[in-house]
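Right, one structure below, let's go through it.
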Amino acid sequence: MPKEKKNVWEMTLERLDATMDALSIKPGMQKYLRQPRKTTEVSVPIKTDAGTIEIFKGYRVHHNTNRGPAKGGVRYHPDVTLDEIKALAMLMTWKCSLVGLPFGGAKGGVVADPTKLSANELEHITRRYTFEIIDMIGPEKDIPAPDVGTNAQVMAWILDTYSMDKGHAVPGVVTGKPISLGGSQGREDATSRGCVYCILSTLKVMGIDSTDMDVAVQGFGNVGGNAAKILHDLGFKIIAISDVSGCLYNKGGLDPFDIDAHLKKEKTLAGYKEAEILNREDIFSLKCDILLPAALENQITEANAASIKARIVAEGANAPTTPDADAILKENKIFVIPDVLANAGGVTVSYFEWVQGNLSYFWTKREVNLKLRDIMEKAFYETYKFSLENKVDMRQAASMLAVSRVAEATGLRGIYP
Ligand code: GLU
């Protein structure tokens, strides 16, 4: 009988259970850590450009807030579900804990396809969604940020709606906002840069002293696009890039800047002349040294994991690999840099943005990037050391470190009242 397909929430819980058992966490604490603290579902009505009324569904979830205010992005995507947002909120808790940020985990989402909406409609969705969750968010409560399908402009609308409601400017309510509204230098490409620092640290522990390596990047949004550019600038060869429209392949190397220019004009990778066009699934079976999944969750599955030939998988996306696929990658001795580590650069610079805003003292891009590198390298080597000492893979090491810290904080605070 074919195995029943689990969704990302069930898979996230499965991984958490294994981690908590490995840490011998008591049953009561296990129950506590499995549950989100707060889950909100809202209706988001707007009047469209055509004058009709449309209703969108929105969510905001706080997972655990014992280490600090809830932190996490807002996703606009047609496939958003409550279970997905719950899983991503939980991953934010572990991510912030792993890299040592004083935040808990949150996530939000609206079931909408931003590519099919006008700027005016997106603004109305954003403002009404913000209004509906306004009691949940705030600089000391829960700080939203960009995620799939949202950007600095969406953050500016959240900031404005929240500020109008409070009667004064509250720039600290979001991170990933435009620089002119108090955003941080380096936030835009921070997730990608953090991922690249993890790749460089991996090469170091593997004893590889060269960037002469072939890279395949799945997804060409904020994370995949910027990672491809940074790696290209460092001398890595980007041999393949895929998105929903297909996969561009050139054994001799692609120029991600040129592809970006093509994408801005054509809105699709299709038609790009300097590459062979393959099916988007082919990205997983190409011969390469590094595979960087930077799209959505559940992309590396039991069905394609065995075809992966890379030595390193750096998870720029959240939850791109299913637990079944994980076992196959492990069997094939592929070094996986897990999502909570590999893509923690974004929330790290969000933290820098929050700190800079609180101090009203802003850093240069160089300062931001140096501080980001310090945090990413510290987290990488802590995880790597833990994995060697405890004979577990990097995902399990990251998970055990992160969950143990949250369990400790939760235990110390105790149960209110
Ligand atoms: N959406 C990003 C993530 O999944 C960033 C979250 C943030 O900066 O709060 O890590």
Subject >> Filtered residue count, the range 339-368, keeping only those that are away from the ligand (no atom under 16 Å from the Cβ) and not acidic (Asp, Glu) >> reply: 8
Subject >> Given (1) exposed (fewer than 15 other Cβ atoms within 10 Å of the Cβ); (2) at pLDDT 95 or above, number of the condition GLY271 does not satisfy >> reply: (2)
**OP:** Give the number of residues within the range 159-198 that are of a type in the set (Gly, Ala, Ser) and in a helix (DSSP H, G or I).
**Re:** 6
Original post:
Take the residues of the range 325-338 that are without any contact (Cβ under 8 Å) to a residue 60 or more places away in the chain and part of a helix (DSSP H, G or I): which is farthest from the ligand (Cβ to nearest atom)?
Top reply: GLU331
Original post:
Hey, which of the strands (runs of 3 or more DSSP E) in the range 228-305, taking only ones fully inside, have at least 2 residues that are under 20 Å from the mean Cα position of the chain (by Cα) and at negative phi?
Top reply: 237-243, 290-293
Original post:
Somewhere in the range 56-67, is a residue among the charged types (D, E, K, R), away from the ligand (no atom under 16 Å from the Cβ), more than 20 Å from the chain's Cα centre (by Cα) and surrounded by 14 or more Cβ atoms within 10 Å (Cβ to Cβ)?
Top reply: yes
**OP:** Considering each residue of the range 184-205, count those that are among the β-branched types (Val, Ile, Thr), surrounded by 20 or more Cβ atoms within 10 Å (Cβ to Cβ) and farther than 23 Å from ALA70 by Cα, and give that number.
**Re:** 3
Original post:
Regarding ALA319, is this residue within 13 Å of the ligand (Cβ to nearest atom), under 20 Å from the mean Cα position of the chain (by Cα) and either in a helix (DSSP H, G or I) or among the hydrophobic types (A, V, I, L, M, F, W, C) (or both)?
Top reply: yes
Original post:
Do the conditions hold for ARG128, that is, is it outside any helix (DSSP H, G or I) and of a type in the set (Lys, Arg)?
Top reply: no
Original post:
What tally of residues in the range 152-184 results from selecting those that are away from the ligand (no atom under 15 Å from the Cβ) and either at positive phi or of a type in the set (S, T, N, Q) (or both)?
Top reply: 5
Original post:
Out of the residues in the range 105-125 that are under 9 Å from TYR76 (Cβ atoms) and assigned to a strand (DSSP E or B), which is nearest to the ligand (Cβ to nearest atom)?
Top reply: GLY109
**OP:** Return a yes/no flag: does the range 174-183 have any residue that is farther than 20 Å from GLY109 by Cα, without any contact (Cβ under 8 Å) to a residue 24 or more places away in the chain and open to solvent by 10 Å² or more (accessible area, probe 1.4 Å).
**Re:** yes
Original post:
Applying the selection to the range 383-411, what residues are free of Cβ contacts under 8 Å to residues at least 40 places away in the same chain, part of a helix (DSSP H, G or I) and charged (D, E, K, R)?
Top reply: LYS385, GLU389, GLU408
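The values are calculated or read from the model by the stated rules, or taken from the named source; none is laboratory data. Owing to the predicted nature of the structure, the values given are computational and were not obtained by experimental measurement. Methodologically, a virtual Cβ is constructed for each residue, glycine included, from the backbone with ideal geometry; neighbour enumeration extends over all protein chains shown. These area figures cover heavy atoms from the full protein model, side chains too; ligands, DNA and RNA do not enter into them. Shrake-Rupley method; radii C 1.70, N 1.55, O 1.52, S 1.80 Å.
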